[in-house]
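The values are calculated or read from the model by the stated rules, or taken from the named source; none is laboratory data. Here the structure is a predicted model, which is why all the values come from computation and not from measurement. Cβ placement follows ideal geometry from the backbone for every residue including glycine, while neighbour counts extend to all protein chains displayed. The accessibility values were calculated without ligands, DNA or RNA, using every heavy atom of the protein model including side chains. Shrake-Rupley method; radii C 1.70, N 1.55, O 1.52, S 1.80 Å.
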Amino acid sequence: MASAEIVQQVTRLREQLQTASYAYYVLDNPIMEDSVYDRLYRQLQDLETQYPDLIVPESPTQRVGDQPAQQFTSVEHHVPLYSLENAFNLAEFRQWQDRWMRYAGSMPSETPPEYICELKIDGSALALTYEQGVLVRGATRGNGTIGEEITSNVKTIRSIPLRLTGEAIPERVEVRGEAFLSLEVFARLNQERTEAGEPPFANPRNAAAGTLRQLDPRIVAARRLDFFAYTLHLPETSNLPQSQWEALEWLSGWGFKVNPNRTLCPSLTEVEQYYTRWETDRHQLPYLTDGVVVKLNDRALQTQLGFTNKFPRWAIALKYPAEELPTVVKSVTVQVGRTGALTPVAELEPIQLAGTTVKRATLHNPDRIAELDLCIGDTAIIRKAGEIIPEVVRVLPELRPPEATRYEMPTLCPECNSPVVRVETEAVPRCVNPSCPGILRGALIHAVRRDALDIDGLGEKLAAQLVEQELVRSLPDLYELTIDDLMQLDRMGQRSAEKLVQAISASKTRPWHCILYAIGIRHVGATNAKLLCKAFPSIGQLAKATESDLESVYGIGSEMSAAIAEWFQVAENQTLIQRLQALGLSLSAAPSTSAASSTSLTGKTFVLTGTLPTLTRSQAKTRIEAAGGKVSSSVSAKTDYVVVGDNPGSKLTKAERLNITQLTEAQLLDLLDDSVSI
């Protein structure tokens, strides 16, 4: 048991180290020699080793975990992490202002809107959750609704505080920002990889995203990611900042690094001046930026404007023109997607474009090829659409060589040799053979996504093998795979096969809307699947719905309703549903909250720590909530159970200190099975 003097010494050392770290990594103004910092750090480390009960998650010694993670778990964002609408020139930017003004109605002339301009950092978005001022969760953007929990990796980023400092620390806050690699660090990292015989990273953005998904936090720490915070979310009951500028000041006051090049603009004229200035000056920055983020400063106005299905109405990314370069089209190949769509792709002489090596570029469809007047051998201008997907902008016919040949789309599917069909109203030709390997491969890759069946360990290469070996001809076949089947595949050992079979089996517990999305009905996305499952709580009800019934659901249009109704009329799809039901997948909604409230787990609070043998974090959470329980991200005196898997974190230590009941996954499942109405 540590004495009061030791506790005071540990507290003082933590404060000294945190102050020094903030000055070095956030303010870029060191106040302490490295040797002094190292000596204080070692003193703290020795004391925590001697008195392990004094270790807390926010201690500077806890930034890098000792053990690599086995996998990441999916987590739902407390507040959706929306993307931004893009404007690619000033004219489109002015159109955005016209749209939000029309939506808001007339604005008082005496209070013209102000704008905040911030540089758009070319990195990877993060969502950070703090409770009682302590970092408890870090997550990737994912699909905006569900991301991956990477808290151990986030803790290695020195410009992210483990504990908030300053005044008015809220009980709970979620901070959003961008993790990135500086150009200097990126260059050093690639030099080290080249010297080690490893392939260099294509660009800082990909390197940052890949670094965040490393299972070993020690690797993440070595790569020296940085972070800029750009917004915060507080509970509605909290005192909220009145403006975006004030929100940035709050973040800075709590210890976050906020981009110093932000500015408050009283009108669009100043916004356009800022944008024009940084189009040139951005090349002098120590990091990459591909545009300017413009937000309305008034947060009350932000709330009034709200969101579309995809974007906030009160913000936009004003992008700089995409870089364009010429290269030679060597050939054209065709990809077959899960809907049977045939997409032509130009195979190119490799070029460096916007920080990446580009070897392929989409041609979209046959009409686009005809519009371009493309020949194999042409010199074409390539750019990145939204600086992400390479595309052919135009060809240069004056440079066309005599041997150039005109390209014609195939009339037979390149995957299965079936006749290709093109509907008059569509620009894309399609293969309509349901057994086509290209369709099966695309459908399988879609089905195992995190927002669908969430089957970890089944990637594109493995999906291709399963289809090629004819082990999977339709989705239900996935659930009939054995360990022996999987061990026939390349690079698949017994342990990996066992884990994959377990992950496939665990996906049977996925909620109804995730399974509907996994089925892959054309036009039905993850968000629309939730809307449909809320309106039609079972597969039977959805199958019987008319197009009129479907269109009565907010957000479901005529094209989608026609596709859904048509899908259920196909005999093969009816068989697929029957097989999924027989295999035990849940094709109906979980019990409602009111029904769950009558179970024996009502009001019980669970905390999950470590990697469970068969259930993902999101699957366990779904099962617990369906039984009336609640899942919390942190341990407290109000926690009833801690569910412990492999490699548990500090939550287990705290649970033991508070004498909270611990459960294995098997005990949790028994408890859920025993939870009956009372």
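Quick check on this structure: which one of LEU248, LEU234 is among the hydrophobic types (A, V, I, L, M, F, W, C), more than 18 Å from the chain's Cα centre (by Cα), at negative phi and open to solvent by less than 10 Å² (accessible area, probe 1.4 Å)?
On inspection, the qualifying residue turns out to be LEU248.
Name the residues in region 121-153 that are within 15 Å of GLN71 (Cα to Cα) and β-branched (Val, Ile, Thr), would you?
THR140, ILE150, THR151
Anything in region 433-467 that is under 19 Å from LEU342 (Cβ atoms) and part of a loop (DSSP other than H, G, I, E, B)? List them, or say none.
ASN433, PRO434, SER435, CYS436
Based on what the data block shows, is GLU184 open to solvent by 10 Å² or more (accessible area, probe 1.4 Å), of a type outside the set (S, T, N, Q) and either touching a residue at least 60 places away in the same chain (Cβ under 8 Å) or outside any strand (DSSP E or B) (or both)?
Considered against the rule, which asks whether it is open to solvent by 10 Å² or more (accessible area, probe 1.4 Å), of a type outside the set (S, T, N, Q) and either touching a residue at least 60 places away in the same chain (Cβ under 8 Å) or outside any strand (DSSP E or B) (or both), GLU184 comes out as yes.
Would you mind finding the one in SER618, SER636, SER598 that is of a type in the set (Ser, Thr, Tyr), under 24 Å from the mean Cα position of the chain (by Cα) and either open to solvent by 60 Å² or more (accessible area, probe 1.4 Å) or at pLDDT below 85 (or both)?
Going through SER618, SER636, SER598 in turn, the sole match is SER618.
Go through region 609-628 and count every residue that is in contact with a Leu (Cβ under 6 Å, 6 or more places away or on another chain), of a type outside the set (Ser, Thr, Tyr) and not in a helix (DSSP H, G or I).
Going through region 609-628 one residue at a time, the tally reaches 2.
State yes or no: is GLN335 of a type in the set (S, T, N, Q), under 19 Å from GLU460 (Cα atoms) and open to solvent by 30 Å² or more (accessible area, probe 1.4 Å)?
So GLN335 fits the description; yes.
For region 192-208, how many residues meet the condition of being over 22 Å from VAL358 (Cβ atoms) and either at pLDDT 75 or above or part of a loop (DSSP other than H, G, I, E, B) (or both)? So that I can check it myself, show each step before the final result.
Applying the first criterion (over 22 Å from VAL358 (Cβ atoms)) to region 192-208 yields 192, 195-197.
If we keep only those that are either at pLDDT 75 or above or part of a loop (DSSP other than H, G, I, E, B) (or both) too, we end up with 196-197.
Final tally of qualifying residues: 2.
Free of Cβ contacts under 8 Å to residues at least 24 places away in the same chain, within 22 Å of GLU566 (Cβ to Cβ) and either surrounded by fewer than 20 Cβ atoms within 10 Å (Cβ to Cβ) or of a type in the set (Gly, Ala, Ser) (or both): does that describe GLU426? Show your work before the answer.
Values: free of Cβ contacts under 8 Å to residues at least 24 places away in the same chain: yes; within 22 Å of GLU566 (Cβ to Cβ): yes; either surrounded by fewer than 20 Cβ atoms within 10 Å (Cβ to Cβ) or of a type in the set (Gly, Ala, Ser) (or both): yes.
Answer is yes for this residue.
Among all residue pairs at least 6 apart or on different chains, which show Cβ distances below 9 Å where the first residue, located in region 629-646, is within 17 Å of GLY603 (Cβ to Cβ) and assigned to a strand (DSSP E or B) and the second is of a type in the set (D, E, K, R) and modelled with pLDDT under 85?
Once the first residue is within 17 Å of GLY603 (Cβ to Cβ) and assigned to a strand (DSSP E or B) and sits in region 629-646, its partners that are of a type in the set (D, E, K, R) and modelled with pLDDT under 85 give VAL631/ARG617; VAL631/LYS621; VAL631/GLU625; SER632/LYS638; VAL642/LYS651; VAL642/LYS654.
Under the condition of being under 20 Å from the mean Cα position of the chain (by Cα) and open to solvent by 60 Å² or more (accessible area, probe 1.4 Å), which residue from region 301-310 is nearest to GLU323 (Cα to Cα)?
The qualifying residue nearest to GLU323 (Cα to Cα) is LYS310.
Taking region 319-332 only, how many residues are over 16 Å from LEU288 (Cβ atoms) and open to solvent by less than 30 Å² (accessible area, probe 1.4 Å)?
Counting residues in region 319-332 that are over 16 Å from LEU288 (Cβ atoms) and open to solvent by less than 30 Å² (accessible area, probe 1.4 Å) gives 3.
Name, by its number, the condition in (1) open to solvent by less than 40 Å² (accessible area, probe 1.4 Å); (2) at pLDDT below 85; (3) within 21 Å of TRP245 (Cα to Cα) that does not hold for GLU110.
GLU110 satisfies every listed condition except (1).
Read through the list (1) closer than 22 Å to GLU249 by Cα; (2) within 30 Å of the chain's Cα centre (by Cα); (3) open to solvent by less than 20 Å² (accessible area, probe 1.4 Å); (4) not aliphatic (A, V, I, L, M), then give the number of the only condition that CYS265 fails.
Failing condition for CYS265: (2).
Working carefully through the options ASP226, ASP298, find the one that is open to solvent by 10 Å² or more (accessible area, probe 1.4 Å), within 25 Å of the chain's Cα centre (by Cα), acidic (Asp, Glu) and at pLDDT 90 or above.
Of ASP226, ASP298, the one residue that is open to solvent by 10 Å² or more (accessible area, probe 1.4 Å), within 25 Å of the chain's Cα centre (by Cα), acidic (Asp, Glu) and at pLDDT 90 or above is ASP226.
Report, ordered by the first and then the second residue, all pairs with beta carbons closer than 6 Å, sequence separation of six or more or different chains, a first member in region 487-507 that is within 17 Å of ALA464 (Cα to Cα), and a second member that is modelled with pLDDT under 90 and in a loop (DSSP other than H, G, I, E, B).
Close Cβ pairs (under 6 Å, with a partner that is modelled with pLDDT under 90 and in a loop (DSSP other than H, G, I, E, B)) amount to LEU500/GLY457.
Of everything in region 133-155, what is at pLDDT 90 or above, in a loop (DSSP other than H, G, I, E, B) and open to solvent by less than 10 Å² (accessible area, probe 1.4 Å)? Give them in sequence order.
Of everything in region 133-155, those that are at pLDDT 90 or above, in a loop (DSSP other than H, G, I, E, B) and open to solvent by less than 10 Å² (accessible area, probe 1.4 Å) turn out to be GLY133, ILE150.
Considering only region 458-478, how many residues are open to solvent by 30 Å² or more (accessible area, probe 1.4 Å), under 15 Å from ILE504 (Cα atoms) and touching a helix residue (DSSP H, G or I) at 6+ places or on another chain (Cβ under 7 Å)?
Within region 458-478, residues that are open to solvent by 30 Å² or more (accessible area, probe 1.4 Å), under 15 Å from ILE504 (Cα atoms) and touching a helix residue (DSSP H, G or I) at 6+ places or on another chain (Cβ under 7 Å) number 2.
Which one of these is buried (at least 16 other Cβ atoms within 10 Å of the Cβ), closer than 29 Å to GLN95 by Cβ and β-branched (Val, Ile, Thr): ILE376, ILE316, ILE351?
ILE316
State whether the residues of region 238-245 include one that is open to solvent by 30 Å² or more (accessible area, probe 1.4 Å), more than 18 Å from GLN18 (Cβ to Cβ) and assigned to a helix (DSSP H, G or I).
yes
Can we say THR211 is open to solvent by less than 60 Å² (accessible area, probe 1.4 Å), part of a helix (DSSP H, G or I), hydroxyl-bearing (Ser, Thr, Tyr) and more than 21 Å from PRO241 (Cα to Cα)? Step through it out loud before you land on a result.
Working: open to solvent by less than 60 Å² (accessible area, probe 1.4 Å): yes; part of a helix (DSSP H, G or I): yes; hydroxyl-bearing (Ser, Thr, Tyr): yes; more than 21 Å from PRO241 (Cα to Cα): yes.
Answer is yes for this residue.
In region 657-675, how many are modelled with pLDDT of 85 or more, surrounded by 14 or more Cβ atoms within 10 Å (Cβ to Cβ) and not in a loop (DSSP other than H, G, I, E, B)?
5
I'm trying to understand the selection: among the residues of region 246-277, which are among the aromatic types (Phe, Trp, Tyr) and not in a loop (DSSP other than H, G, I, E, B)?
TRP250, TYR274, TYR275
Being in contact (Cβ under 8 Å) with a residue 40 or more places away in the chain, out of contact with any Lys or Arg (no Cβ under 8 Å at 6 or more places or on another chain) and open to solvent by 40 Å² or more (accessible area, probe 1.4 Å) is the filter here; which residues of region 268-291 pass it?
GLU270, GLU279, ARG282, PRO286
Which one of these does ALA385 not meet: (1) surrounded by 12 or more Cβ atoms within 10 Å (Cβ to Cβ); (2) of a type in the set (A, V, I, L, M, F, W, C); (3) modelled with pLDDT of 90 or more?
Here ALA385 meets the rest and fails (3).
Which residues, taken from region 493-539, are open to solvent by less than 30 Å² (accessible area, probe 1.4 Å) and out of contact with any helix residue (DSSP H, G or I) (no Cβ under 8 Å at 6 or more places or on another chain)?
Residue satisfying the conditions is ALA503 alone.
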